[in-house]
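A.B. asks: Pasting a structure below so you can have a look.
The values are calculated or read from the model by the stated rules, or taken from the named source; none is laboratory data. Nothing here was measured: the structure is a model prediction, and the numbers come from that model. Neighbour counts are summed over all protein chains in view; Cβ atoms, including those assigned to glycine, are modelled from backbone coordinates with ideal geometry. Accessible surface areas use protein heavy atoms only, side chains included; no ligands, DNA or RNA. Shrake-Rupley method; radii C 1.70, N 1.55, O 1.52, S 1.80 Å.
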Amino acid sequence: MSELFHRKLERSAIGFVIAIIAAASVGGIVEIAPLFTIDETVEEAPDMRVYTPLELAGRNIYVREGCYACHSQMIRTLRDEVERYGPYSLAVESQYDRPMLWGSKRTGPDLARIGGKYSDFWHVAHLNNPRDVVPESNMPAYRWLGRTPLKMDDLPKHLAAQQSLGVPYTDEMVENAARDAYGQATPDTDFASGVTERYGEETTVSAFDGVATQVTEMDALVAYLQVLGRLTDAAYRGTAASEQPSDPEG
Amino acid sequence: MLANLTSSERQYALILASAVALAGVAMAIMGRSDVLGVHGVIVMLFGGGIAWVVMTSFYGPEPTDDRTASYYDDPIKVGIVLSMVWAVFGMFMGVWVAAQLAWPNLAFDAAWSSFGRLRPTHTTGVIFGFGGNALIATSFHVVQRTSRARLAGQVSPWFVLLGFNLFCVLAVSGYLLGITQSKEYAEAEWYADLWLVIVWVTYFILYIATIARRKEPHIYVANWYFMAFILVVAILHIINNLALPISLGHAKSYTIWPGVQDAMVQWWYGHNAVAFFLTAGFLGMLYYYLPVRAQRPIFSYRLSILSFWGIVFFYMWAGSHHLHYTALPHWVQTLGMTFSVMLLVPSWASAGNALLTLNGAWHRVRDDATLRFMMAAAVFYGLSTFEGSFMAIRPVNSLSHYTDWTVGHVHAGALGWVALITFGSLYTLVPSLWKRERMYSATLVEVHFWLAIAGTLIYVFAMWNSGIIQGLMWRTYTEEGALAYSFVDSLVAMYPYYIARAFGGLLFLIGAVIGCYNIWMTVRATPLAATRADVPVQPAAVPGE
């Protein structure tokens with residue numbers, strides 16, 4: 001009987017097309033659609049802040065260089081991962097991430113909670129030549145980041161695009177994006193105070209690459225790496241994994 | 001190549017190519033302060049180059065009147081050549097990035113040549129460049145022969161083929177320039193994605209229109225798979241790539257999907273790119289070229305139906321197995337795991353159907369390396385789908401995920417299944433398309449076969465070892481209950497396998513280069529076959545159905 005029906009179906013190109021669409025749609029609809037309506041999908045984290053323009057620029061460099069091909073940003077709910085990297089990742093921690101950078105492969109370690117574990121100086125040395133600090137490393141050297149000035153003039157456009165997608169950037173943040181990016185990497189200038197005003201006292205203002213006169217791509221990338229896992233402390237609250245993260249080298 | 005087009009069709013082609021070139025100029029002007037400008041120039045040169053080719057033979061003689069009495073094979077021939085060019089490029093990039101993991105200084109301290117930028121040129125080069133061109137070429141061949149009708153367009157097949165290659169060029173050159181969305185296997189930015197939608201819709205319309213012209217009452221199995229491939233890839237591509245560019249003058253865009261939703265959409269896309277690009281499309285190849293080469297009919301029609309609808313329905317649920325133990329809701333992970341395990345049934349139905357088709361033709365498998373390519377492909381298809389279902393089980397995945405085991409699994413499928421079925425199909429197709437007696441050298445096909453098998457096995461065994469060792473080291477505890485190994489310890493243990501993997505990949509690349517030479521010499525220096533009828537059914541010859 002079913003074969004008889006299928007013989008009929010095979011005679012109609014349009015019928016076949018419609019049948020393929022129908023059969024193929026079900027899985028996606030069932031799995032994706034509810035993720036937008038179910039409240040439990042993403043936890044509450046009222047303390048969570050957005051990326052500063054400098055951190056966002058750093059994130060875009062992370063994307064551009066394909067760092068996600070070797071580094072995950074998703075600590076799974078497994079004992080050894082929590083002990084190696086810190087509390088497991090929550091959905092809310094990537095709520096402003098477009099795209100998400102959970103990754104699929106760890107040629108290098110997970111970076112979801114790398115922020116604050118090493119000094120800025122360590123990161124700069126490591127990015128300039130990983131084998132200077134970790135002799136066994138097979139990570140590429142990124143020397144040119146420190147030589148390349150960061151492009152900041154289009155940052156308001158970046159923030160505006162994120163704002164219209166629903167990331168809670170204020171109009172003031174959008175307007176001052178380029179100034180704030182500059183200020184966050186030049187603590188001695190007048191622009192520095194605007195960053196903490198708009199993004200909170202916890203925001204790190206620092207000459208990330210050690211040079212306070214010029215803002216480079218190295219500044220942006222290090223600023224991003226140093227904020228990973230520190231936009232909210234939701235993962236440290238009320239979970240079994242509330243202890244402090246252990247050293248990733250250990 | 002233009003001899004088959006009438007003067008009005010040449011005009012049409014010239015207008016299209018010029019429009020592409022103009023779009024390139026517009027992109028170059030609008031994106032002059034951004035890397036988008038570089039892509040504008042590339043688009044302009046691409047469109048301009050094609051316009052120039054069209055103009056050089058613009059006033060050539062009109063085609064003879066009996067165009068519909070023959071199949072339209074010119075775009076297929078170009079597609080095969082492009083496919084082999086991309087194969088060598090993509091596999092070379094693969095060997096290079098593999099070598100970089102063992103010897104990181106092979107990036108030579110430049111931005112464009114660092115691992116993170118080169119890796120997507122490898123994946124895009126082999127999946128879309130090599131695989132995509134092979135699929136377009138073989139689908140044009142199969143749909144005409146099984147429908148016994150000529151392609152339903154004259155310019156549109158060229159538009160599909162060349163437009164698709166423009167997409168590939170934009171994607172690959174973009175990664176080197178630092179233009180990427182970072183969505184795995186969908187890295188190309190918004191304008192390239194929009195362009196691919198136009199190309200793909202044209203492909204779909206062309207395909208359906210050709211099937212509508214068929215002189216056979218039933219649509220042959222291979223075409224079911226090609227239709228599913230074209231249709232579902234369009235759906236996946238559009239939904240996964242919905243994004244907002246920061247301005248029309250910038251290459252950069254932000255996806256509309258945030259965080260966890262983006263992860264789900266990305267792996268729904270990612271896994272079904274495997275399903276509908278790398279499985280359904282190539283099963284279309286298998287269902288035509290394997291029975292043709294073996295000179296045996298497909299073993300079971302019922303198994304074909306079962307496996308086809310099983311694959312179309314089950315695969316779309318399976319993507320979430322890429323997100324076990326993550327912040328994705330547990331029930332979605334469980335659904336993904338369940339359907340991944342069920343997928344084994346239609347997958348093995350296809351693999352079994354292919355191998356049982358060879359019953360009565362095993363002596364040919366022994367003697368004919370081309371048929372052996374396809375037999376080995378079916379075996380690898382069966383093995384890697386079993387492995388895939390196994391790895392999708394949550395506790396297994398806790399070990400395998402994030403390790404080289406995944407990479408090994410992908411290559412068991414990509415080298416063992418996708419590339420082997422493609423080479424087998426091309427070695428069947430090339431002599432018949434260029435009307436040669438046979439391939440230039442059967443010995444070289446044999447050499448290619450053994451290089452490909454050796455390369456695949458070395459690669460996969462290296463990655464099984466490294467992946468499982470890595471996964472176990474990460475979770476090993478000392479007597480005192482502390483983690484036994486640092487991350488760096490696990491990395492140090494990988495180096496021998498990274499070297500072995502690069503060597504396996506190199507063997508596979510050498511095989512592909514030999515294949516290129518063999519195809520080239522078949523076209524250039526192999527005697528013509530005695531003519532046999534390979535033409536569409538003529539209207540007069542069809543009795544009323």
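A.B. asks: Is region A:53-236 best put as rounded, prolate or oblate by its Cα gyration tensor, with a ≥ b ≥ c the root eigenvalues, rounded for a/c under 1.5, and otherwise prolate when a/b is larger than b/c, oblate when not? Mind showing how you got there, number by number?
C.D. replies: Details: a/c = 1.74, a/b = 1.22, b/c = 1.42.
Oblate, since a/c reaches 1.5 and b/c is not below a/b.
A.B. asks: Let me ask another. Please express the Cα-Cα pair-distance distribution P(r) of region B:70-154 as a list of whole percents, one per 10 Å bin, running from 0 to the bin with the greatest distance.
C.D. replies: 19, 34, 22, 14, 9, 2
A.B. asks: May I pose another question? Give the long-range amide H neighbours of A:Gly115: residues separated by 5 or more places, or on another chain, with amide H under 5 Å away, using H modelled in the peptide plane at 1.01 Å from N.
C.D. replies: Residues meeting the amide H criterion: A:Leu228.
A.B. asks: Below 8 Å between Cα atoms, with a sequence gap of 6+, how large is the relative contact order for chain B in percent? Please report the intermediate quantities before stating the final value.
C.D. replies: Details: 847 pairs, mean separation 77.0, N = 545.
Relative contact order, chain B: 14 percent.
A.B. asks: Please compute the contact order of region B:79-194 in relative form: average sequence separation of alpha-carbon pairs under 8 Å and at least six residues apart, divided by the residue count, as a percent. Don't skip to the answer; put the middle values down first.
C.D. replies: Numbers: 116 pairs, mean separation 35.6, N = 116.
Over region B:79-194, the number comes to 31 percent.
A.B. asks: Ignoring everything except DSSP H segments at least 4 long, calculate the 222 nm mean residue ellipticity for chain B; use -39,500 (n - 2.57) per segment, divide by total residues, nearest 500. All intermediate terms of the calculation are to be shown ahead of the outcome.
C.D. replies: Values: 20 runs with 363 residues, N = 545.
Here the helix-only value at 222 nm equals -22500 deg cm²/dmol.
A.B. asks: If I take the Cα coordinates of the protein assembly as shown and project them onto the principal axes, what are the three extents in Å, biggest first?
C.D. replies: Principal extents (largest minus smallest coordinate, Cα): 85, 63, 49 Å.
A.B. asks: Compute the FRET efficiency between A:Ala212 and A:Ser164 as 1/(1 + (r/R0)^6), taking r as their Cβ-Cβ distance and R0 = 41 Å, and round to the nearest 0.05. Spell out each step's value before the answer.
C.D. replies: Values: r = 34 Å, r/R0 = 0.82.
E between A:Ala212 and A:Ser164, to the nearest 0.05, is 0.75.
A.B. asks: Under a 1.4 angstrom probe, counting protein chains only, how are B:Trp464, B:Trp86 ranked by accessible area, largest first? Could the numbers behind the result be given before it?
C.D. replies: Numbers: B:Trp464 85, B:Trp86 30 Å².
The residues order as B:Trp464, B:Trp86, largest area first.
A.B. asks: Label points 7 Å out from Cα along the Cβ direction at B:His363 and B:Leu22: separation in nm?
C.D. replies: Computed distance between label sites B:His363 and B:Leu22 equals 6.4 nm.
A.B. asks: Hey, another quick one. Under 5 Å between amide H atoms, partner at least 5 residues away or on a different chain: which partners does B:Leu151 have, H built in plane at 1.01 Å?
C.D. replies: For B:Leu151, the qualifying residues are B:Tyr72.
A.B. asks: Once you order the gyration tensor axes a ≥ b ≥ c over the Cα atoms, which shape class does region B:1-106 get: rounded for a/c under 1.5, otherwise prolate or oblate by comparing a/b with b/c?
C.D. replies: Working: a/c = 4.32, a/b = 1.46, b/c = 2.95.
Oblate, since a/c reaches 1.5 and b/c is not below a/b.
A.B. asks: Report ³J(HN,Hα) in whole Hz for each residue of region B:396-404, in order, from the Karplus equation J = 6.51 cos²θ - 1.76 cosθ + 1.60 where θ = phi - 60°; Gly and Pro get x.
C.D. replies: 5, 4, 4, 7, 7, 5, 6, 10, 5
A.B. asks: For region B:312-322, take each phi angle, set θ = phi - 60°, evaluate the Karplus expression 6.51 cos²θ - 1.76 cosθ + 1.60, and give the result in whole Hz per residue in order, putting x for glycine and proline.
C.D. replies: With the stated coefficients, region B:312-322 comes to 5, 7, 6, 4, 5, 8, 8, x, 5, 5, 7 Hz.
A.B. asks: So for the pair B:Glu480, B:Val201, with labels modelled 7 Å out along Cα→Cβ, what separation do we get in nm?
C.D. replies: Distance between the two pseudo-spin positions: 6.6 nm.
A.B. asks: Counting only the heavy atoms of the protein chains, how much of B:Leu231 is accessible to a 1.4 Å probe, in Å² to the nearest 10?
C.D. replies: Per-residue accessible area (B:Leu231): approximately 20 Å².
A.B. asks: Still on this structure: Go ahead and run the numbers for FRET between B:Leu528 and B:Tyr495, Cβ-Cβ distance against an R0 of 60 Å, rounding to 0.05. Before the final figure, lay out each step's value.
C.D. replies: Details: r = 52 Å, r/R0 = 0.87.
Between B:Leu528 and B:Tyr495 the formula returns 0.70.
A.B. asks: Identify, among A:Gly166, A:Ser119, A:Ser193, the residue whose Cα sits farthest towards the positive end of the charge dipole of region A:101-205, taking +1 on the Cβ of Lys and Arg and -1 on the Cβ of Asp and Glu, with the dipole about the Cα centre.
C.D. replies: The residue sitting farthest along the positive end of the dipole is A:Ser119.
A.B. asks: Enumerate the amide H contacts of B:Arg436 below 5 Å, restricted to partners 5 or more residues apart or on another chain; note that Pro and chain-start residues carry no placed amide H.
C.D. replies: B:Ala529
A.B. asks: Still on this structure: Tell me, what ³J(HN,Hα) does each residue in region A:151-165 have, in order and in whole Hz, if you take phi through Karplus 6.51 cos²θ - 1.76 cosθ + 1.60 with θ = phi - 60° and put x for Gly and Pro?
C.D. replies: 7, 10, 5, 9, 4, x, 5, 4, 5, 5, 5, 5, 4, 6, 8
A.B. asks: Which pairs, out of A:Lys151/B:Lys252; A:Lys105/B:Lys183; B:Lys77/B:Lys435; A:Lys8/B:Lys215; A:Lys157/B:Lys183, put more than 19 Å between their alpha-carbon atoms? Numbers along the way, then the final one.
C.D. replies: On the way: A:Lys151/B:Lys252 13 Å; A:Lys105/B:Lys183 13 Å; B:Lys77/B:Lys435 12 Å; A:Lys8/B:Lys215 16 Å; A:Lys157/B:Lys183 21 Å.
Exceeds cut-off: A:Lys157/B:Lys183.
A.B. asks: If r is the Cβ-Cβ distance from A:Leu9 to B:Gln295 and R0 is 35 Å, what FRET efficiency results, to the nearest 0.05?
C.D. replies: Working: r = 28 Å, r/R0 = 0.81.
With a Förster radius of 35 Å, E is 0.80.
A.B. asks: Another one. Specify the residue with the greatest mean-square fluctuation among A:Arg59, A:Arg79, A:Arg11, computed from a Gaussian network of chain A linking alpha-carbon atoms under 10 Å apart.
C.D. replies: Maximum among the listed residues: A:Arg11.
A.B. asks: What accessible surface, in Å², does a 1.4 Å probe find on A:Val30, ignoring ligands, DNA and RNA and rounding to the nearest 10?
C.D. replies: Surface open to solvent at A:Val30 totals about 50 Å².
A.B. asks: Output the relative contact order of region B:132-288, whole-number percent, from Cα pairs under 8 angstrom with separation of 6+ residues. Write down the numbers at each step before the final one.
C.D. replies: Details: 187 pairs, mean separation 48.2, N = 157.
Relative contact order comes out at 31 percent.
A.B. asks: I would also like to ask the following. When only the heavy atoms of the protein chains count and the probe is 1.4 Å, how do B:Thr385, B:Thr338 rank by accessible area, highest first? Spell out each step's value before the answer.
C.D. replies: Numbers: B:Thr385 20, B:Thr338 65 Å².
Largest accessible area first, the residues go B:Thr338, B:Thr385.
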